[in-house]
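The values are calculated or read from the model by the stated rules, or taken from the named source; none is laboratory data. None of these values were measured; they are calculated from a predicted model. No Cβ is skipped: glycine too gets one built from the backbone with ideal geometry, and neighbour counts run over all protein chains shown.
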Amino acid sequence: MFVENNSLCRPQKVLLLSVSTGEGHNSAARAIAEVLRQKNVECEIVDSVEFKGKPARSFIVDGYNWIIRNTPILFGLAYVLGAAYDNMQLPSPIKSYHQSYAQQIYRYIKEKNFDCVICTHLFSMHTATAIKEKYMPDLPCYGVITDYTAIPFYRGSKLDAYFVPNTLTRDMLVKKGIPYEKIILSGIPVNPKFLSDLSKEQAREKLGIPLNKKVVVISAGGAGCGKIKQLCKRLSVKADDSLRIFVFVGKNDRLKEKIEKAFGADERIKAISFTPDINMYIKSADVAMTKPGGLSSTEFAICGTPLILLKAIPGCETYNQRYFVKRGIATYCKSNRKAVECALRMLSRQSQLSSSVNIDEDKALNPNAAYDIVHYVLGK
């Protein structure tokens, strides 16, 4: 049962702090913002690192995107080292760095009259902690976890509540020193548009996709990661003319250009930049493929389309992949060859391997997570 929040006054204006290292944190913020606006609560989403300055934001965001696109193994190594450092309970360099610009955000909060902060990234959670400790102890501040694990360096953040996807993440936060009573099982928040009962046929009609075609949707994540061009090539060679492949390249314009150059004459393959209508494409698909980002995987699974998870970026995506596969929600394929073989098997028998979406006591794949989080924050 979802816990009520009766300790704080109802916010009138909410600041959502995200960081653009991957698009999942921004998507979670947008999902919560959409529900807040439905409740007539004014809100704004900002990238907290921008308050450190443009060079710092470029270094963090562009550096992150470059690493996960080009050398994901380095990200995995950094994750392992960070976990080891965190387990030794040494002072966190992440915390001190992202608390260094707390005063700038505090001034913005005062200037814009925000009376509540919701953070969808670890960095902004540390900044919000500093704001509470140094300037506004009574400011309600919340954290939203967007993966099925707790990444290193949550230790030392002190917010009013943390919204998590499952009991495993809750237990990990407790080990990092977060009080059990402040951890709320909510699920990962997805935009209400993913809750639509739109049928496959209705989605295809809206998108102009013929009903007699087989549709595969491939997502490279917000940053456009993975060997997607090679995956498309394998699919195009193995499949017949009835196939239609829609590739979502996120904000990776270079990947879009590569796909268009390689398959420009092949009407079966279409590369699509970041779009708010991806939910309709997923609904229209016979098979969906995505890397195992916490937010993106949840969006895909909630749509109910048979789901294949592509090779994970070492770190939190490894935990996400294990979580989905263990529960039979998705199939994991480490190589493009296996992903293509799996997709063709699903297409040949119109497999319905994805699990139905149920809200259990673990809140796994709670489609109403954004509503539950807003319900808690508003105290009603």
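Figure legend. Inter-residue proximity from the stretch 237-258: first residues buried (at least 22 other Cβ atoms within 10 Å of the Cβ), second residues among the polar types (S, T, N, Q) and part of a helix (DSSP H, G or I), beta-carbon distance below 8 Å, spacing 6+ or different chains. Indicated pairs: I245/S236. Filtering the stretch 148-175 down to residues that are touching a Ser or Thr at 6+ places or on another chain (Cβ under 9 Å) and of a type in the set (D, E, K, R), which residue is nearest to T318 (Cα to Cα)? My answer is R155. Checking A78, A56, A83, A31 one by one, the residue that is of a type in the set (G, A, S) and modelled with pLDDT of 85 or more is A31 and no other.
Among the conditions (1) modelled with pLDDT under 95; (2) crowded, with 19+ Cβ neighbours inside 10 Å; (3) aromatic (F, W, Y), Y106 misses just one, which is (1).
Got at least one residue in the stretch 318-339 being at pLDDT 90 or above, outside the structural domain of K214 (by TED's automatic domain parsing), surrounded by 15 or more Cβ atoms within 10 Å (Cβ to Cβ) and in a helix (DSSP H, G or I)? No: zero hits.
Need a quick list: strands (runs of 3 or more DSSP E) entirely within the stretch 115-231 having at least 1 residues that are among the polar types (S, T, N, Q) and in contact with a strand residue (DSSP E or B) (Cβ under 9 Å, 6 or more places away or on another chain).
214-219
Checking each residue in the stretch 83-100 for being more than 26 Å from P314 (Cβ to Cβ) and either in contact with an Asp or Glu (Cβ under 9 Å, 6 or more places away or on another chain) or basic (K, R) (or both) picks out only Q99. Restricting attention to the stretch 115-173 and to residues that are touching an Asp or Glu at 6+ places or on another chain (Cβ under 9 Å) and polar (S, T, N, Q), the residue that is surrounded by the most Cβ atoms within 10 Å (Cβ to Cβ) turns out to be S124.
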